[in-house]
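These notes are about the structure you will find just below.
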Amino acid sequence: MSLTPKRVWITRAEPGAARTADRLRDMGFEAIVAPLLAIKHLTPPVPDLAPFAALAFTSINGVAAFAALTPRRDLPAFAVGDATAQAAHDAGFTNVCSASGDLHALARLIAGAIANADVLVPQAEIPAGDLAAALTAARARNVSIQSLTVYRAIETSVAAPALFDAVLIHSPRAGKALAKRGHDALAHAVLTCISPAAAAPLAALGLTPDVAKSPDETSLLTILNTTLGKRDPAV
């Protein structure tokens, strides 16, 4: 007797959702792509890059949006995680360092690498965190940042899947959007979040989301696989 694959709702925006879906299918799950967010690239004027010692990328979307605005690839780039670093490499940046973590790890990486310098941060209209504050906490030596808003995450009106066993939440914005569906619509499912900030809106509903051990998709999928393996097969 064959078991019905567990159905996992992917809430992240495209094009990332399709990549996640491929990974889930390779793991034996049924991937349901129904993004709660859509990414819109913006076209702000790029400042003169001469004063900046480096770039800091806090997301894959920031890399893609910034790369579309300028052909410059010569500045060193600090990336929040390995996937973002890979996106920067793929976009043509040759000097890329990954913090392999969260915003605080990125701040520590920058603080340990440069001093008395300005850093340009291409980011979302509503950033997931405060890099300037994280740099202060990391005791950065006279490192100042200038943000450049290069993309906007917009909530979609997508309907929830008719049936799902689990939900993947890749960002705090997605967590907030999902929480609007209410406790009862989500109480039956495994809720797996990439970070405590992504889980917070769901926890506020009285739900108990699982949180990845580190803020990257591999850790996210690992905890999903572990948790779903403890539940009864889908019928």
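The values are calculated or read from the model by the stated rules, or taken from the named source; none is laboratory data. All values reported here derive from a predicted model rather than from experimental measurement. No Cβ is skipped: glycine too gets one built from the backbone with ideal geometry, and neighbour counts run over all protein chains shown.
Within the range 25-67, the set of residues being aliphatic (A, V, I, L, M) and part of a loop (DSSP other than H, G, I, E, B) comprises Met27, Ala34, Leu36, Leu42, Val46, Leu49, Ala50. Apart from one condition, Lys40 fits all of (1) under 23 Å from Ile154 (Cα atoms); (2) buried (at least 17 other Cβ atoms within 10 Å of the Cβ); (3) among the charged types (D, E, K, R); the exception is (2).
Which of the residues that make up the range 57-86 are out of contact with any strand residue (DSSP E or B) (no Cβ under 8 Å at 6 or more places or on another chain), small (Gly, Ala, Ser) and at pLDDT 95 or above? If the condition is that a residue be out of contact with any strand residue (DSSP E or B) (no Cβ under 8 Å at 6 or more places or on another chain), small (Gly, Ala, Ser) and at pLDDT 95 or above, then Ala67 is the only one that fits.
Where strands (runs of 3 or more DSSP E) fall entirely within the range 68-140, those with at least 1 residues that are more than 21 Å from the chain's Cα centre (by Cα) are at 117-124.
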